[in-house]
Structures are given as structure tokens and as C-alpha cells.
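Asker: Here's a structure for you.
The values are calculated or read from the model by the stated rules, or taken from the named source; none is laboratory data. It should be emphasised that the depicted structure is a prediction, and the values quoted were computed from it without experimental measurement. Heads up, the Cβs are rebuilt from the backbone with ideal geometry, glycines too, and the neighbour counts pull from every protein chain shown. Please note that ligands, DNA and RNA were not included when accessible areas were found on the heavy atoms of the full protein model with its side chains. Shrake-Rupley method; radii C 1.70, N 1.55, O 1.52, S 1.80 Å.
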Amino acid sequence: MFRSDLLRGKRILITGGGTGLGRAMGERYLALGAELAICGRRKGVLDAAAEEMTKAHGGRVDTYGVDIRDAQAVDAIFAGGPLTGLVNNAAGNFISPTEMLSPRAFDAIANIVFHGTFYVTNAVGRRWIDQARVAGGWSSPQPMKSVISIIVTWVENGGPFTVPSAMSKAGVAVMTKSLAVEWAKYGIRLNAIGPGEIPTEGMSQRLNPGEAPGERSKETNPQHRVGEMGELQNLATFLMADGCDWLSGQTLFMDGAHSLANGGNFYPLRAWSDEQWRQARARIEAQNAKDRGQRGG
Ligand code: COA
């Protein structure tokens, strides 16, 4: 779909770039000639991903064991050189009846998605603004810097049983619109992608625990399938490449029209019994413990 050197000369930061959607987007960017900086909480996972990716595609992938909840730590990411693009991909989410959430549970999600996304975006944007000022200002047709944030389709209709994530992602959608206006004069554009279900281990275990990945989407999605990683890679490449810079402040939902057909997600969970929720929670906690083990804490 794209010229093989489409992203040559670009250096792109992907938060949560060691696994799942972040890893897949990075892999495509690298294959199209970009350099990558990837950050996440599990340095070992990032290093293994970087090794595999460079083996497959060549190029350069710098890894930063940085938790985006820590605003000060985020600065370490800029050691490797100036960036041209950012993908806000790192996130956390799990299904739960909202009345069961403790303040710590709410914060576990909101600190990553709401606060962390802002910390990284502002740290990156500030540097781009300084660069534009040093260069005497930015003007078209110089290429723009591009920020892509991965959000969710339920910023439109609400996210029952995923309220901390829905609230935080709605904040990221508003940040996208706001900064598209505020930072345009510095040559920065921001867009968001709301993907439907594209199964990854982290997602399936926390949003559809106990189900085969994609099982529910096959029944309820108008296209009777889940999304493919290749589709997300293509859309994320289009938004990162030069050539359509006037596109800014937008959110693109890519879900096979699932949210239009169903009004949103997770509504069927209203029928779950206490026992179903107990089982779901046990599965989610097992996944959280597995991930904590890999982080060494
Ligand atoms: N229902 C209700 N509360 C839950 C819960 C569940 N299923 N799972 C965890 N919690 C609560 C815990 O009880 C704890 O609160 P408490 O201390 O008041 O009891 C709080 O959430 C934090 O739990 P903890 O086990 O310490 O989680 P964690 O911080 O190790 O992990 C995330 C939580 C969100 C950070 C973790 O899931 C994560 O790292 N996710 C990233 C990947 C991801 O979520 N991918 C899917 C995106 S769709």
C-alpha cells in the first residue's frame, strides 16, 4: 500500500511500543524506513521486541524503560535525538462494575491513560515548539510533526463497565481537538484512532476474560469479524506520513461500523451475574500478576 521509504528521515516515539498494537505500528514504521523510540514499564520486553524488529527490518529502535505515569522520568526518552512523531498507545483497562472500583483501581487506569498521555504529549510538544522557535517559526509546506493517540470508540457513547478508561480516553480525544488548534502554528498536528476489537493478549484477558479472542465480535460486528493488525498499521502509517497535513484534530473510528450498529460496547455485560463478575475479576487479576512479574514488582 505504501512506498518502501515512505517514513525515511522520521523518528517516532511509541509509548507501550513493546507489545500489542504499539509493537505492530512500530514494526510497520520501521519497515518503511523510520527510526523508533519505544518506551514501556518492562525494559526486558522492549529490548526483546527491539531485537526481533531490527533483525526483521534493520534500522534503529531505541528502548526506554520509562513509566509514563512519572512525568519526570519521561524526559529520559529524549536522549536518543529529536523526534518527528509520537504515538500515544500505552494504556490500561479492565472491565468491572464501577461501584466495585477502589480509588487505587481508578487511578491505576487514569494515571496511565489520562495523566501519562498528557505528560508525554506535552513533553514532546514543548520540544517541537522550541525547535520551531529556534528555526524562526514554522510555515507550510514544511512537513508537520504528527501525534496519533489510540483511543476507543466509546468516547462517543460512554463505556459502561470501563468507566475509568472511558473518562480518560474522552479526555485524550478532547486534548487532540484542543492542541490541533493551539499547536498548529508550530507545525504540529494531532489525530486519534479509535480501533474496534483487534485481539491482543493484554486486551483479551482484561476486556473479554474467559472468552476466545474475537468470539463476541464475530456475532455482533456488521462485518462479522475483528479488526486486523495490518489495517491499524496502514491507518497509523497514513496519519504519520506527510501528504495529508491538513487532516488534524480528528478521530477516526475503525471498527467495521460496530459501534454504529451496537450503540457502543459492553452493554451485554449488564446481564452478568455476580458469579460471572467474580470469575472475570480472577482472570484479570491473574493477568495483572503475570505482567507485574515481568516488570519485577
Ligand atoms: N476489578 C476491580 N478492581 C480491580 C480489578 C478488577 N478486575 N483488577 C485490579 N483491580 C484493582 C486492585 O484491587 C487494586 O486496587 P486496591 O489496591 O484498592 O485493591 C488496583 O486495581 C490496582 O490493582 P493491581 O493489581 O495493583 O494492578 P496493577 O497496577 O498491577 O495493574 C493495570 C493494573 C491497569 C495498570 C494493569 O492492568 C496494566 O498494567 N495494564 C496495561 C495493559 C492493559 O491493560 N492492556 C489492555 C488495554 S485494553
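Asker: Can you say whether LYS185 is open to solvent by 40 Å² or more (accessible area, probe 1.4 Å), part of a helix (DSSP H, G or I) and within 30 Å of SER140 (Cα to Cα), as far as the supplied structure shows?
Answerer: yes
Asker: Hey, does the range 77-96 have a residue that's of a type in the set (Gly, Ala, Ser), more than 16 Å from the ligand (Cβ to nearest atom) and either at pLDDT 95 or above or touching a helix residue (DSSP H, G or I) at 6+ places or on another chain (Cβ under 8 Å) (or both)?
Answerer: yes
Asker: In addition: Just to be sure, is PRO195 in contact (Cβ under 8 Å) with a residue 40 or more places away in the chain, crowded, with 21+ Cβ neighbours inside 10 Å, within 22 Å of ALA280 (Cα to Cα) and not aromatic (Phe, Trp, Tyr)?
Answerer: Answer is no for this residue.
Asker: Separate question: Might you let me know whether the range 30-39 holds any residue that is part of a loop (DSSP other than H, G, I, E, B), more than 19 Å from ALA192 (Cα to Cα) and open to solvent by 50 Å² or more (accessible area, probe 1.4 Å)?
Answerer: no
Asker: Can I ask one more? Report yes if THR15 is of a type in the set (Ser, Thr, Tyr) and open to solvent by less than 20 Å² (accessible area, probe 1.4 Å), otherwise no.
Answerer: Considered against the rule, which asks whether it is of a type in the set (Ser, Thr, Tyr) and open to solvent by less than 20 Å² (accessible area, probe 1.4 Å), THR15 comes out as yes.
Asker: Right, something else. Are there any strands (runs of 3 or more DSSP E) wholly within the range 51-161 with 2 or more residues that are aliphatic (A, V, I, L, M), and if so which?
Answerer: In the range 51-161, 85-88, 145-150 are the strands (runs of 3 or more DSSP E) which contain 2 or more residues that are aliphatic (A, V, I, L, M).
Asker: Need pairs with beta-carbon distance below 8 Å; first residue more than 15 Å from the ligand (Cβ to nearest atom) and within the range 5-25, second among the acidic types (Asp, Glu); sequence gap 6+ or separate chains.
Answerer: Taking only residues 6 or more apart or on different chains, the pairs are LYS10/GLU35; ARG11/GLU35; ILE12/GLU35.
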